[in-house]
Amino acid sequence: MKTIKRYQVKMKVLSSVHIGEGEDIKKYEYIDGEDAIYVINQRKLIDLLNSYGKDSFEKYLNFIEKAPSNRRNQDNSLYDFLLDRIILDANTFHKLIPDITDYKLYYQNEESAENLNDISLTQKDKLTKRPYIPGSSLKGAIRSTLIASYINTRYHNLPANKNALKEALREVEKLFFPKKRDDIKDFDMKGVAISDSNLIDSENLNVGHIYYYNLKSKKEKTLPVLAELIKKDTKITFNMTINPNHTKITIDDIKKAIKDFNQMYNNYYLSKFGRERIATPEAPLKLYIGKHSGFPTKTIIYSALKDRAGLYTSQFLKEQFKDGRTVQGNYYNNISPVCLKCVNISNQKYENGATSIEIEEM
């Protein structure tokens, strides 16, 4: 039996990261302050309401019943409801806010305080309510780079026909996920295990909008999405093991794959947007992770097809979304999609989901 290799992965957030957990908090479930959002502890809120009389809780039930239908106006503001209909005195109200708050989210920028909406939550530990990044998210990102690197070094003439291309890519994926457990393949991902990250301090979260920058129109669009975001420069750690009895993947393979993926992604997609408009931080080992990091970072299309990837992607998106969009609308300057997902940090737009990693043997 060969010895299992153990590593520590040190990640640093280069822009911001959102690991969606599939839950939102509604606008009527948080208090919007001048510089931050206060995420409310529901049990403490109910205790507060009961302290102001029996009818206060009934008023609250009536408020939240009507709030979803008033999503885009102030009628669903918990701040206004509590101040105007329950507590009535501003000084008393502001003193009580910390007593009913679970945690506080500062706005990522001044624009984040405008057009408030439901907030998409990031992944959190159920007991401590502190955020973390699942090991599966990091493993999935590494897996994509390994497949892309494998294709880039071994396939120089992938078929242009869509069905033939899908079949070729399917065959490559089988190398990474063989059906037989005892059939050890060169790139079997079952031999790579990655722990969930350390728990991250809630102070390293903020809240912000997701933006589209459209290369074709040279315009920005604010999406109706508010998200909890892990802040730029946050440091996160994972433990990783590679079992050479189950895979032939090495740490050098992983490092090379990450570099190859970023070279292809930058050369054939990201560089088209221009650094003067969108900040795209560089790192020796740069990895994209989480939700809202953009379609090209989640696929191997640009590594596989290079300068043919833009047209292929535009055709794929047209087939996937039956909303009347055209190939031309999603294709410009030989890339697709033509929109890059961004966040606004200190009045500078950054590509979202970018991180750097270092891998050290333990």
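The values are calculated or read from the model by the stated rules, or taken from the named source; none is laboratory data. Note that the structure is predicted; figures quoted are calculated from it, not measured. Don't worry about glycine lacking a Cβ; one is built from the backbone with ideal geometry, like all the others, and counts go over all protein chains shown.
Filtered by the rule that a residue be farther than 30 Å from F238 by Cα, assigned to a loop (DSSP other than H, G, I, E, B) and out of contact with any strand residue (DSSP E or B) (no Cβ under 7 Å at 6 or more places or on another chain), the range 200-223 gives S217, K218.
Contact map, the range 122-140: first residue free of Cβ contacts under 8 Å to residues at least 60 places away in the same chain, second residue buried (at least 17 other Cβ atoms within 10 Å of the Cβ), Cβ cut-off under 8 Å, separation 6 or more or different chains; pairs are S136/I194; K139/M189; K139/V192; K139/I194.
Conditions tested, residue by residue: (1) at pLDDT 95 or above; (2) assigned by TED's automatic domain parsing to the domain that holds S137; (3) in a strand (DSSP E or B); (4) under 19 Å from I86 (Cα atoms).
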{"position": "V9", "(1), (2), (3), (4)": "yes, yes, yes, no"}
{"position": "I31", "(1), (2), (3), (4)": "no, no, yes, yes"}
{"position": "E34", "(1), (2), (3), (4)": "no, no, no, no"}
{"position": "R43", "(1), (2), (3), (4)": "no, no, no, yes"}
{"position": "I46", "(1), (2), (3), (4)": "no, no, no, yes"}
{"position": "L49", "(1), (2), (3), (4)": "no, no, no, yes"}
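Can you find a residue in the range 102-111 that is assigned to a strand (DSSP E or B) and among the acidic types (D, E)? Scanning the range 102-111 turns up at least one residue that is assigned to a strand (DSSP E or B) and among the acidic types (D, E). Restricting attention to the range 268-305 and to residues that are assigned to a loop (DSSP other than H, G, I, E, B) and of a type in the set (D, E, K, R), the residue that is modelled with the lowest pLDDT turns out to be E276.
Scanning the range 127-159 for residues that are within 28 Å of M189 (Cα to Cα), in a loop (DSSP other than H, G, I, E, B) and modelled with pLDDT under 90 turns up Y155, H156, N157, L158, P159.
Of all the numbered requirements in (1) crowded, with 21+ Cβ neighbours inside 10 Å; (2) in contact with a strand residue (DSSP E or B) (Cβ under 6 Å, 6 or more places away or on another chain), A257 misses one, and that requirement is (2).
The residues in the range 272-290 that are over 25 Å from D252 (Cβ atoms) and either out of contact with any strand residue (DSSP E or B) (no Cβ under 6 Å at 6 or more places or on another chain) or buried (at least 22 other Cβ atoms within 10 Å of the Cβ) (or both) can be counted, and the count is 5.
The residues on offer are S112, S137, and the sole one that is among the hydroxyl-bearing types (S, T, Y) and more than 30 Å from D253 (Cβ to Cβ) is S112.
One residue alone among Y79, Y38 is outside any helix (DSSP H, G or I) and either modelled with pLDDT under 90 or surrounded by 14 or more Cβ atoms within 10 Å (Cβ to Cβ) (or both), and that residue is Y38. The residues of the range 90-129 that are surrounded by fewer than 16 Cβ atoms within 10 Å (Cβ to Cβ) and among the basic types (K, R), listed by number, are K95, K126, K129.
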